[in-house]
Protein chains: 2
Amino acid sequence: MTRGRLPCYFRAAMSEPSSDPNPSTRGQHWLVEYLGCDRKVLDDRQELVSLLWRAAEAAGAKVVAEAIQPFSPHGMSAVLLIEESHFSLHTWPEAGYAAADFYTCGDCQPERAHAVLLAGVGAARSELIVIERGLGGGGPSLAVGEPRRG
Amino acid sequence: MTRGRLPCYFRAAMSEPSSDPNPSTRGQHWLVEYLGCDRKVLDDRQELVSLLWRAAEAAGAKVVAEAIQPFSPHGMSAVLLIEESHFSLHTWPEAGYAAADFYTCGDCQPERAHAVLLAGVGAARSELIVIERGLGGGGPSLAVGEPRRG
């Protein structure tokens, strides 16, 4: 099993020489809050897992493993391990709230995963932050973007 | 199965009345970069999974599910679903680098999980950021702390 359709370290080796000694570890970690969601959907295990898989497909990620845990009386936690890192989703149906993260390396498009989830859980609004992480360029390993609300 | 030793929403209901309408969704999400790690450890599936479980125990979290994926030729991804959300670890042994997140609600102590991982992977240094997330207080759902390096 490799990371990405081409493993990230092979992707790095095949690309043009760069001053970045470890481009393969670079990734984007999106933390997203979904607010005012459809409470029924947030408690529907089958629908939520299906949504996460569709989000992964939309982002161009390849799922390699999953873990799912329903809670009593409400809610669910689910994680997909993808070749490019992971997607997670935790739901609180009683509050109409869900917390997701999309952590990808390589050429994935986490914004597409976000669009699938936003529509799928029927969120009235969302908040998100994108964190760039991984080695490269001699700078810090974590770079934090501005929170976005909408 | 519940979230936390007491489910978070029961914890909220049992505590003193508060102006916070949804304290149960509040959590801390730690994103941690481990740099200059012991490369042998980062490729040792058994040791890494054991480390994650010890980290969860140290933090006071209860593991309810796990997903693990080794990569070829190097590295591993692992996620523990805990009653309080999730812990994840992705390793790049060839770069001496590992990326972790500790997302907990309730009374967990993610700083203890970080201490276990920091020592366990033999990191020369780490970078981390703590993001407070969840509903409460009428403010934004995401609050981003200052990155810490050490």
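Any read-out appearing in this document is the output of simple, stated calculations on the displayed coordinates, not a laboratory observation. This is a predicted model, so every value here is computed, not measured. No Cβ is skipped: glycine too gets one built from the backbone with ideal geometry, and neighbour counts run over all protein chains shown.
Annotations for the structure displayed:
- At q = 0.19, 0.21, 0.24 Å⁻¹ the log10 of I(q)/I(0) for the stretch B:96-150 amounts to -0.77, -0.89, -1.07, computed by Debye summation with a single uniform scatterer per C-alpha, solvent ignored.
- The modelled label-to-label distance for the pair B:Val63/A:Glu146, using points 7 Å beyond Cα in the direction of Cβ, is 4.2 nm.
- Taking Cβ atoms as reference points and 14 Å as the exclusive limit, the residues near B:Glu47 contribute a net charge of +1, counting Lys and Arg as +1 and Asp and Glu as -1.
- Here the stretch A:34-51 and the stretch B:87-138 have alpha carbon centers that stand 27 Å from each other.
- Calculated from backbone phi, Karplus (6.51, -1.76, 1.60) coupling profile of the stretch A:41-55 in Hz, x at Gly/Pro: 4, 5, 10, 9, 3, 5, 5, 5, 5, 4, 4, 4, 5, 5, 4
- Number of partner chain Cβ atoms within 10 Å, mean per residue of B:69-79: 6
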